[in-house]
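What follows draws every value from the coordinates through simple rules; no lab data is involved. The structure displayed is predicted, hence computed values, not measured ones.
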Amino acid sequence: MAFASRKGHSGDADSFAALRNEMVDRDIAARGVRDECVLRAMRKVPRELFLPEGLREFAYEDSPLPIGADQTISQPYIVAFMAEAMMLTGGERVLEIGAGSGYAAAVLSEIAAQVYTVERVRKLATQAAAKLRELGYGNVHLLHGDGTKGWPEHAPYDAIVVAAGGPQVPESLKEQLKIGGRLVIPVGIDQRVQELVRVLRVSSNEYQRENIGDVRFVPLIGEEGWTT
Ligand code: SAH
């Protein structure tokens, strides 16, 4: 009996892995993400395990899904697109704002050396930390708090990604970038529609900013974000 249920279990994992590879081919590689580090990471991380159990069957449909507390796990294509925009080659120190389910942090941890991630909703922070620990992502570090202030204790970062949309680029995050570092963040005056912005730190007081796409994220709420 025990053997039969173990077999059933790995069968599930195998079929999820097949669906995951198909999704990466169809929704990510075919739509223009070329970065091999990113594609490899997306093929590896079991997104189904970061979802509430009832939603696991939708893990590979390339859409955002609810994770509780009015928040969502991002669409896989967007996770891949943002990771590519961070221009990682391996070994970096990365900061993520908006851990949510922990899924994107897990993807980044397959590329970077250390991933620091901040989440303002306590329940999500606790769940994500437990999930990341359970799955063995030992290089992901999670803080419960307001990520618009960054995580100064571990700065500076090679790259920072924000998974929620703010009214402007938080100064604290710009300050926590290394020279040459990249900050990828949705910015918009509308709380639910944003432009994805990449900020490159050129020198201690010089930044270059470019718009790289239109996106829809949940609001970034905090001292340097939206107030509610
Ligand atoms: N990366 C996540 C997606 C999370 S959605 C994943 O892979 O599942 C965005 C998250 O940002 C939400 O969980 C929301 O609670 C969080 N958030 C919003 N404002 C924040 C802030 N100021 N600091 C930290 N997290 C914030």
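For the chain, the share of DSSP beta bridges that are antiparallel, to the nearest 5, is 45%. Comparing Cα centroids, region 76-93 and region 147-181 end up 15 angstrom apart.
Measure out, as a whole number of angstrom, how far apart the alpha-carbon centroids of region 113-130 and region 12-45 sit. Comparing the Cα centres of region 113-130 and region 12-45, I get a distance of 24 Å.
For the chain, the relative contact order works out to 14 percent when only alpha carbon pairs closer than 8 Å and six or more residues apart are counted. How far is helix 2-23 tilted, in degrees, relative to the longest principal axis of the Cα atoms in the chain, given as a value from 0 to 90 rounded to the nearest 10? Computed tilt is about 50 degrees.
From helices alone, the chain scores -9000 deg cm²/dmol at 222 nm; the rule is -39500 (n - 2.57) for each run of n ≥ 4 DSSP H residues, then divide by the residue total.
For region 104-195, the gyration tensor built on C-alpha atoms gives an oblate shape. Its axis ratio a/c (a ≥ b ≥ c) is at least 1.5, and a/b is not larger than b/c. Using the Cα atoms of the chain to build a convex hull, what is its mean projected area in square nanometres? Mean orientational projected area (the chain, Cα hull): 12.2 nm². With an a/c value of 1.5 or above and a/b not larger than b/c for the gyration tensor axes a ≥ b ≥ c computed over the alpha-carbon atoms, region 29-158 is described as oblate.
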